[in-house]
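*Asks:* Structure below; questions to follow.
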């Protein structure tokens, strides 16, 4: 029995549509928080931004996979401070690129073994939220004689919340 090509075409179109919907669905979509675009615009307009943090937190949140380095490089100058923290100095454009990476790692879709997969990393959420707080507070561009904007992200200063009930 011969099969008409139009009879096969309709189910094939439906299958391709479902596949396209699946591939573009939330499995790799970054759900950026409100005002993310505004934060990137503010960041890219800054001359310098400084982050004082631990070496481990910086390394964890700034590690780039090779294709990110070409498209959105994070060029940073680092200096060890007397209190054991690193001072990371970023240009405005590098800060915007760093915020893009933090957004992807903090607010991305579910992770898997694929190199392009995203996961919600606690460290990236923390860093994104801390930097966002400073960027959200900007009402005008800092003057040339003003000190650079800075955020300190150090776990030693967080008040831990006890979850165990008192005895």
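The values are calculated or read from the model by the stated rules, or taken from the named source; none is laboratory data. Keep in mind that this is a model prediction, so the values were computed, not measured. Positions of Cβ are generated from backbone atoms using ideal geometry, with glycine treated the same way; all protein chains shown enter the neighbour counts.
*Asks:* Output yes when any residue across the stretch 78-97 is part of a helix (DSSP H, G or I), buried (at least 21 other Cβ atoms within 10 Å of the Cβ) and either out of contact with any helix residue (DSSP H, G or I) (no Cβ under 8 Å at 6 or more places or on another chain) or modelled with pLDDT under 95 (or both), and no when none is.
*Replies:* The answer is yes, given that some residue of the stretch 78-97 is part of a helix (DSSP H, G or I), buried (at least 21 other Cβ atoms within 10 Å of the Cβ) and either out of contact with any helix residue (DSSP H, G or I) (no Cβ under 8 Å at 6 or more places or on another chain) or modelled with pLDDT under 95 (or both).
One line per residue, one yes/no per condition, for (1) surrounded by 16 or more Cβ atoms within 10 Å (Cβ to Cβ); (2) modelled with pLDDT under 60; (3) within 21 Å of residue 151 (Cα to Cα):
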| position | (1), (2), (3) |
| --- | --- |
| 6 | no, no, no |
| 34 | no, no, yes |
| 38 | no, no, yes |
| 44 | no, no, yes |
| 50 | yes, no, yes |
| 53 | yes, no, yes |
